[in-house]
Amino acid sequence: MARWRILVVDDEPINLEIIGAMLDDPGFVVSNAANGEIAWQAMLATGLPPHLLVLDRMMPVLDGIGLLKRIKADSRFSGIPVIMQSAAASSGEIAEGVAAGAWYYLPKPCAPRDLLAIVQAALAEVEARE
């Protein structure tokens with residue numbers, strides 16, 4: 001009875017594995033992308049975009065800020081909440097991520113319960129809109 005589609009974007013395979021384990025829930029269908037460009041192409045290719053993104057900031061090809069700006073500029077995807085997760089967590093970097101459209105900016109590493117609580121809050125907002 002999987003319901004929520006979550007796209008996790010991170011260039012580090014271990015981070016994809018860790019976040020995947022944090023989001024191991026029968027209510028979630030989690031897919032991965034190794035950088036922002038791969039994630040963007042996947043979003044364009046599917047008729048079912050994700051309900052939520054968990055997005056790393058620092059990646060090759062297309063970084064998290066670049067992908068976030070594309071998502072927020074596209075009416076098909078602009079309502080998708082994006083949780084940016086990054087080791088780049090100075091107050092200026094967090095402000096830049098939020099200004100680009102991040103729903104939440106979570107410094108790495110984070111506690112599994114924190115990520116799960118933020119994901120559930122974001123999905124509750126999506127559900128309320130639907």
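The values are calculated or read from the model by the stated rules, or taken from the named source; none is laboratory data. Since the structure is predicted, the reported quantities are computational estimates derived from the model, not experimental observations. Note that we place each Cβ from the backbone using ideal geometry, even for glycine, and neighbour counts take in every protein chain shown. Remember, those area values only see protein heavy atoms, side chains included, never the ligands or the DNA or RNA. Shrake-Rupley method; radii C 1.70, N 1.55, O 1.52, S 1.80 Å.
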Handout entry: Cβ crowding within 10 Å averaged over residues, with 26-36, 111-121 ranked highest first
Key = 26-36, 111-121
Practice task
First compute the accessible area of the chain with a 1.4 Å probe, then give the percent of it belonging to carbon and sulfur atoms.
Solution key: 57
Fill in the blank from the handout: Taking only Cα atoms of the chain, the Rg to Rh ratio with Kirkwood Rh works out at 0.92
Fill in the blank from the handout: Rounded to the nearest 0.05, FRET efficiency between residue 117 and residue 78 (Cβ-Cβ, R0 35 Å) equals 0.90
Completion exercise
In whole angstrom, largest first, the equivalent ellipsoid semi-axes that the Cα gyration tensor gives for region 1-46 are 18, 15, 4
Completion exercise
Output for region 54-99: trypsin sites (Lys or Arg not before Pro) sitting in coil per DSSP, at most 10 other Cβ within 10 Å, listed by number, reads 76
Exercise for the section: Using packing as a proxy for protection, rank 80-86, 58-64 so that the peptide with the highest average count of other Cβ atoms within 10 Å comes first. Expected result: 80-86, 58-64
Practice task
Averaged over every viewing direction, what's the projected area of the C-alpha convex hull for region 38-98? Give it in nm², one decimal, please.
Solution key: 4.0
Handout entry: Accessible area (Å², per residue) of the chain, counting only protein heavy atoms and a probe of 1.4 Å
Key = 49
Exercise for the section: Starting from the Cα-Cα distance between residue 14 and residue 69, subtract it from 0.36 nm times their residue separation and give me the gain in nm to one decimal. Expected result: 17.2 nm
